[in-house]
1. Taking B:GLU63, is it open to solvent by 30 Å² or more (accessible area, probe 1.4 Å) and out of contact with any helix residue (DSSP H, G or I) (no Cβ under 9 Å at 6 or more places or on another chain)?
2. Do we find a residue being modelled with pLDDT under 95, in contact with a Ser or Thr (Cβ under 6 Å, 6 or more places away or on another chain) and more than 10 Å from chain B (Cβ to nearest Cβ) anywhere in segment A:10-23?
3. With A:ASN177, A:ASN191 as the choices, which residue is within 14 Å of another protein chain (Cβ to nearest Cβ), open to solvent by 60 Å² or more (accessible area, probe 1.4 Å) and out of contact with any Leu (no Cβ under 8 Å at 6 or more places or on another chain)?
4. Please list, ordered by residue number, the helices (runs of 4 or more DSSP H) wholly in segment A:36-128 having 1 or more residues that are within 20 Å of A:LEU173 (Cβ to Cβ) and not hydrophobic (A, V, I, L, M, F, W, C).
5. Where in segment A:224-318 are the helices (runs of 4 or more DSSP H), entirely inside, with at least 3 residues that are open to solvent by less than 30 Å² (accessible area, probe 1.4 Å) and either within 14 Å of another protein chain (Cβ to nearest Cβ) or within 30 Å of A:ILE171 (Cβ to Cβ) (or both)?
6. Give the residue, chosen from B:VAL213, B:VAL202, B:VAL183, that is open to solvent by less than 60 Å² (accessible area, probe 1.4 Å), among the aliphatic types (A, V, I, L, M) and assigned to a loop (DSSP other than H, G, I, E, B).
7. What's the total number of residues in segment B:216-251 that are closer than 30 Å to A:GLU181 by Cα, open to solvent by 90 Å² or more (accessible area, probe 1.4 Å) and assigned to a loop (DSSP other than H, G, I, E, B)?
8. Which one of these is surrounded by fewer than 21 Cβ atoms within 10 Å (Cβ to Cβ), small (Gly, Ala, Ser), touching a Pro at 6+ places or on another chain (Cβ under 8 Å) and within 14 Å of chain B (Cβ to nearest Cβ): A:SER95, A:SER87?
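The values are calculated or read from the model by the stated rules, or taken from the named source; none is laboratory data. What you see is a predicted model, and the numbers here were worked out from it, not measured in a lab. When we count neighbours, we look across all protein chains shown, and the Cβ atoms used for this are built from the backbone with ideal geometry, even at glycine. The accessibility values were calculated without ligands, DNA or RNA, using every heavy atom of the protein model including side chains. Shrake-Rupley method; radii C 1.70, N 1.55, O 1.52, S 1.80 Å.
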Amino acid sequence: MSEEQIKNLEEQFEARIARDEKIEPKDWMPEKYRQTHIRQISQHAHSEIVGMLPEGNWITRAPSLRRKVALLAKVQDEAGHGLYLYSACETLGISRDELYEQLHSGKAKYSSIFNYPTVTWADIGAIGWLVDGAAIINQVPLCSTSFGPYARAMVRVCKEESFHQRQGYEIMLKLCNGTPEQKEMAQDALNRWWWPSLMMLGPTDDMSVHTEQSMKWKLKRKTNDELRQQFIDQTVPQADILGLTIPDSDLKWNEERQSYDFGEIDWDEFWQVVKGHGPMNNARMKARVGAWERGEWVRDAAMAHAEKQQERKNKQVV
Amino acid sequence: MKNKNLYNYILGIADNSLILGQRLGELCGHGPSLETDIACTNMSLDLLGQVRSYYQYAAKIAEDGRTEDDIAMLRKEREYFNVLLVEQPNTDFGYTMARQFLFDVYHFLMLTELEKSTDLNLSAIAKKSIKEVSYHKRFSSDWIKRLGDGTEESHSRIQTAINDLWTYTDELFHQTEADKVMVAEGVGVDVTKLKDAYYEEVNAILEEATLSVPESKYFQKGGKQGIHTEHMGYLLADLQYMQRTYPNMEW
């Protein structure tokens, strides 16, 4: 294909996106579009899978049967999200095994929030309320992103995430209406998860490298700073209802902006965790790689059995 | 308590599902593949859902103000009546599937009879559960066949797991005092009558999986009387952690 032809295709491609048409896996797409989407969708899928670990940590210790069942269902939803996000990613011409390999080798990233430990039951509430809350703000715009399989997966993901968020908030509410000890547990969880949740919305706009291109391809509709402000404005009144204090002495309502002003985020901590040195990075990767390695003989057996079955079938036909 | 036998009978059934559900819950996020991970979580969810119905009913019979959670999480180890089989650890995926399979075949047979119980609550729970358990049985049987037939390594691992867990199968068919009374009243299932059908079905699947049926005639028992293996205390330490650390609170 000549350069001119490619340029022509690219122009038509961008025009389709501008007209809000969906790009489907078999459509022509620029290589950069393909790579960007593999990166983002797989990162999202990996986050779902690694995200099962901190919450899974409380399944055996959930305080009541009702909570245990709800938590199991939630973590199972996340596995399901992982499954269809991997499938969406595979339509771009990469296998699930390759994607796992990228995760296990550290080449692919996942959301840094899951590199923090869940140390009390209240953390399960805080994750639902704050982490899923921030995730929804990040993800709702993706329901209308340009790549069809991703957009469709996100419609379902967002529905379930919004249920998880309500469930998390309800855990917090119960704690805050409980004994002083329970309320203290809730406040402690908020103290620890607040800042990492703000970091989930990504680096500040001047530090963000992918924003412009992502906007054009509708992988992004608002900038990180806009999303963060939206999250804060939405969450502060929820904390008020709980009777909890946001751990930010600079937080105050700005009448003029009709938004909350807030304190400085510790970006050194953010980069430390992104670069692999958070409290749980090592443990999370060991858990994932360990599960994969321990499962190898099982996956091999399933493959061998399927092949043998096929051979037996073929022989019967002959 | 007016009907201590019925109460104990319900616990005998429910505790199996609770402890097995708890064991499966340990695996969430650590399975050999995403699909098996989801399936194990799903079985755990089914079992714990069933458990809630049983304990809610037991709490009603107990009439002493205890809730389903009190019954599930605040008994002493000696007061849990589950069979030893279900408390065995997730040594590897082979053990997890072998434990599941050896329990599922029994569970399905038992529920099929429980559905005919004159106790309408138990019959209704059985009716709902049996659909779920029929899926569990299909899933675990398929894995027994896959692992038996798959590779040399998988064959050897699943055979070892079956051999090790075999010793816990006979207990499934022991009758407790509560069992005997409940059978006489038409409420309970006579588990002694399930034994032949159980081994027939289990042996047929093992054979299909090219596995040998263990020949040992020595069996372990005690779970139904609350005498458990050394694994049980650790399992309960997890299960009861919150209720013990923060007593009398709502969650």
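1. yes
2. Yes: one or more hits.
3. Being within 14 Å of another protein chain (Cβ to nearest Cβ), open to solvent by 60 Å² or more (accessible area, probe 1.4 Å) and out of contact with any Leu (no Cβ under 8 Å at 6 or more places or on another chain) holds for just one of A:ASN177, A:ASN191, which is A:ASN177.
4. Answer list for segment A:36-128: A:65-90, A:122-126.
5. On the way: elements: A:224-242, A:267-272, A:281-294, A:296-317.
By residue number, A:224-242, A:281-294, A:296-317.
6. Just a single option satisfies the conditions, and that option is B:VAL213.
7. Of the residues in segment B:216-251, 2 are closer than 30 Å to A:GLU181 by Cα, open to solvent by 90 Å² or more (accessible area, probe 1.4 Å) and assigned to a loop (DSSP other than H, G, I, E, B).
8. A:SER87
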